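What follows is a short report on a single structure.
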Amino acid sequence: MTSRGIPLDAAAIMSTVLEGILYGFSVLMFIGTIWALTYKRRVKDVNRLIAAVTIMLLILSTAHMIVDIIRLEDGLVKYRDTFPDGPAAFFADVSQETYVVKNAIYILHTLLGDGVVIYRCYVVWQSVWIIILPSLLWCCSAFTGFSAVYSVSQATSNAGNIFTKATGQTFFALTLSTNLISSGLLAYRIWKIERNISAVRTSNRTLTPILRVLVDAAILYSVVLFPTLVCFILSNNGQYVMLDMLMPIISIAFYMVLIRVAISKNAHEFPSTTFPSGTISETAREDSQQHPMKPLRVHISHFTQMSDTTTHDIGTNEDLSSTCKVEEPSCAV
């Protein structure tokens, strides 16, 4: 199908500029994320998995940005007179090495971002069964994505299309479904925990900020990915612009969660082990630990023991608090 929309050379310029702006913002958020992971913590207390993912997202975003700049320079300067139709023909040639590399980086970046959401879902639910469907979708995304990259690397020329039409639609649909399902399960779990502990909470700590930022991150990613899928189905060249914008947005969506959690923790809105280093379900336990139930001393005026034939008087006004304790809750239920 013939591509339509803005010319490919104009799309390349626009996508690189917009990606550069978002990339700069993601770098600032990366610095904030590193602060959130290391602030007032010893090296051994830092969540190394999350730190590794944070660095990998930056590396992949940076690599994609560099490849886009090289590709832009090749198309507009280096090879502008090589193709009969000028720069637009260069950007339409999917056999170019820079094209294959940038799409391989995009696939890796997307899989890494989706994997983080699935990991968060597991951390909160503490159940492998919950993440079976998202994990299957993630595996299908990986297979479809790398198959598409391989098919592009073997192509000679396929002007106007990123991947084959069926493969591209499947990949975008799978990654969108994975993100929405995982984020939905995550938000539901946090909402349920918040509702259960709200009746007995004795402080102003709340999980609402986490819930809000997780929903915002999912919406941010979906708002960009869905138009990308639509443009791809319609063979519109706007897909190139949206795709390049997705790279830093995936990183931003990941960083914003960790930064918001760190800010909320420092503001004492919820315990520090809530997320991602511990489970959110610990919130209710920590709240009760910080406000322990007080033992109530009970004086029994008269206590009798019944035997088969005799009633024995055990004592009057005897202090039995050492063996009989009634817990007094710190707040009404």
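Bear in mind these aren't lab numbers, they're just calculated from the coordinates by the rules spelled out. All values reported here derive from a predicted model rather than from experimental measurement. Cβ coordinates were reconstructed from backbone atoms using ideal geometry, including for glycine residues, and neighbour counts include every protein chain displayed.
Listing for the model above:
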{"item": "Hydrodynamic radius of segment 53-128 per Kirkwood, over alpha carbon pairs, in Å", "result": "14.4"}
{"item": "Phi-based couplings in Hz for segment 53-64 (Karplus 6.51, -1.76, 1.60; Gly and Pro marked x)", "result": "5, 4, 5, 5, 4, 5, 4, 5, 4, 5, 4, 5"}
{"item": "P(r) weight above 18 Å for segment 1-49, C-alpha pairs, percent", "result": "57"}
{"item": "Stokes-Einstein D in µm²/s, Kirkwood radius over Cα pairs - segment 1-128 at 25 °C with 0.890 mPa s viscosity", "result": "143"}
{"item": "Formal net charge of residues neighbouring VAL67 (Cβ-Cβ distance under 12 Å; K, R +1; D, E -1)", "result": "-4"}
{"item": "Amide proton proximity set for ASN236, modelled H, under 5 Å, gap of 5+", "result": "ARG4"}
{"item": "Theoretical gain in end-to-end length, ARG41 to LYS192 [0.36 nm per residue, Cα-Cα removed]", "result": "51.4 nm"}
{"item": "Ranking of ILE69, ILE132 by count of other Cβ atoms within 10 Å, fewest first", "result": "ILE132, ILE69"}
{"item": "Karplus 3J(HN,Hα) series, Hz, for segment 116-132 with 6.51 cos²θ - 1.76 cosθ + 1.60 (x for Gly, Pro)", "result": "5, 5, 5, 4, 4, 4, 5, 4, 6, 7, 6, 8, 5, 4, 5, 9, 4"}
